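Accompanying notes for the structure given below.
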Amino acid sequence: MHEHLRGIGAAARESGLPVSALRFYDAAGVLRPAWSDPVTGYRWYSRDQVDQARLVARLRQVEMPLADIAAVLASRHRPAEALTVLERHQQGLEARFAVARAQLSDARELLADPPATRFEAPAAELARALAAVRYAVASDPGRPELTGVLLDCSDGVLRLVACDRARLAVASVPVRHLDGPPVRFVAPLAALASLPDGGGVPDGGSGVPDGGSRSMVGVELRIDRAVFRGSGAEPIIAEPVAPEYPDYEALLRASWVRGAHLPASDLVSRVVNDALGVEDTPATPPGRRDIVAVLLRDNGVDVVRPSAPGAVAFDRSYLLEALAALGGGDVTLALDAARQVLAMACLARPEDRSLLMPVRLSA
């Protein structure tokens, strides 16, 4: 009975349709085998069915819908009807191809000329934000992304971010006339340091605008370049120092506990003058006078011996630099419960923060 029939494997090899596809078209009623074994369910195909399977394989390659494939097979002995189905499908393919080609053309233009995000920022506040973060810019050539300052613009705010892996500084500047998608650009420090400062910070250092007239800096950020335009100055054009920047926001989302606040000058005085913070102790390796240990209490902050329960040690000069960058006034401090990272912020700008990694006290 089977001498003129082929098994499903042979039919798949001759037609170019996978075995799974032959089973699918059988179940869909499009291409049923000549005979199926009632016991094993094994399928057998005639010569004509293998020819039909070849036709189906071609139509499948051009993504013809199942209903149209069935229509072509049903009218294969009436070529005019079958060719009408093929012509209709070809017209649809050509229309979709025209749309796809237009989209690819647009994509090429976007790659050649990346979209720009434009905004304006007060020159003095931009200078204040840079002063608040530049102490944390790294100098390690092995981490080029950390040798720049991240400009992170979204939701009407520009964040300046610097990090050298031992400390992280974030300062925010409100922007206006924002046009374009959220953007991140790792700018070279030299380019930002060349920007006009708008005559200095309006209030003499606190970063709180005084309501007077302020010069503006126009900023245009793209993937491949940044352009800064100050009033009456030549534009400053900069290329990114790196395409990506570490996820600094993960640190900002830490679980902060044991918060306290006090005048920055008070903490500076304690760190500088308190002998307990700088003298060698059994818990401090010899020569490590650059270490200061702090203990956050509900009613304030104490500078203590590193061996004190609950005390966390930090680099003394780093702590003083971070406090100076905050610009004075009252500051808040908090510790991350998991990593003992110290966060500091000025009460006048709680969204701007300096983070310090703890120092391990091991000989």
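The values are calculated or read from the model by the stated rules, or taken from the named source; none is laboratory data. Since the structure is predicted, the reported quantities are computational estimates derived from the model, not experimental observations. When we count neighbours, we look across all protein chains shown, and the Cβ atoms used for this are built from the backbone with ideal geometry, even at glycine. To get the accessible areas, we keep the full protein, side chains included, count just its heavy atoms, and leave off ligands, DNA and RNA. Shrake-Rupley method; radii C 1.70, N 1.55, O 1.52, S 1.80 Å.
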Subset of the stretch 31-71 (residues that are within 15 Å of A21 (Cα to Cα), open to solvent by less than 40 Å² (accessible area, probe 1.4 Å) and not in a helix (DSSP H, G or I)): L31, P33, Y45, M64
Given (1) of a type in the set (A, V, I, L, M, F, W, C); (2) assigned to a helix (DSSP H, G or I); (3) in contact (Cβ under 8 Å) with a residue 12 or more places away in the chain, number of the condition A95 does not satisfy: (3)
Members of the stretch 341-358 found to be at pLDDT below 90 and farther than 23 Å from V157 by Cβ, listed by number: none
Any hit, the stretch 98-117, residues being part of a helix (DSSP H, G or I) and farther than 30 Å from D179 by Cα: yes
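Residues are listed down the side, and each one gets a yes or a no for (1) open to solvent by less than 50 Å² (accessible area, probe 1.4 Å); (2) of a type in the set (G, A, S):
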residue	(1), (2)
L295	yes, no
F314	yes, no
E321	no, no
L333	yes, no
A345	yes, yes
S354	yes, yes
L361	no, no
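From the list A70, A27, A21, A74, exactly one residue is closer than 23 Å to I8 by Cα and either in contact with a Leu (Cβ under 7 Å, 6 or more places away or on another chain) or in contact (Cβ under 8 Å) with a residue 40 or more places away in the chain (or both). Which is it? Steps first, please.
Details: A27 fails: either in contact with a Leu (Cβ under 7 Å, 6 or more places away or on another chain) or in contact (Cβ under 8 Å) with a residue 40 or more places away in the chain (or both); A21 fails: either in contact with a Leu (Cβ under 7 Å, 6 or more places away or on another chain) or in contact (Cβ under 8 Å) with a residue 40 or more places away in the chain (or both); A74 fails: either in contact with a Leu (Cβ under 7 Å, 6 or more places away or on another chain) or in contact (Cβ under 8 Å) with a residue 40 or more places away in the chain (or both).
Exactly one of A70, A27, A21, A74 is closer than 23 Å to I8 by Cα and either in contact with a Leu (Cβ under 7 Å, 6 or more places away or on another chain) or in contact (Cβ under 8 Å) with a residue 40 or more places away in the chain (or both), namely A70.
Conditions tested, residue by residue: (1) part of a strand (DSSP E or B); (2) modelled with pLDDT under 90; (3) of a type in the set (A, V, I, L, M, F, W, C).
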| position | (1), (2), (3) |
| --- | --- |
| Y135 | no, no, no |
| L146 | no, no, yes |
| P181 | no, no, no |
| G207 | no, yes, no |
| D210 | no, yes, no |
Some residue of the stretch 135-151 being over 16 Å from the mean Cα position of the chain (by Cα), surrounded by fewer than 17 Cβ atoms within 10 Å (Cβ to Cβ) and at positive phi: no
The stretch 109-127, residues that are at pLDDT below 85 and open to solvent by 80 Å² or more (accessible area, probe 1.4 Å): E109, L110, L111, A112, D113
Per-region count, the stretch 299-309, residues open to solvent by 40 Å² or more (accessible area, probe 1.4 Å) and among the small types (G, A, S): 1
Pairs with Cβ under 7 Å, 6+ apart, first in the stretch 236-249 and touching a residue at least 24 places away in the same chain (Cβ under 8 Å), second among the hydroxyl-bearing types (S, T, Y) and open to solvent by 50 Å² or more (accessible area, probe 1.4 Å): I236/S194
Candidate set from the stretch 185-196 (those that are out of contact with any Lys or Arg (no Cβ under 7 Å at 6 or more places or on another chain) and either assigned to a helix (DSSP H, G or I) or at pLDDT below 95 (or both)); member that is surrounded by the fewest Cβ atoms within 10 Å (Cβ to Cβ): A190
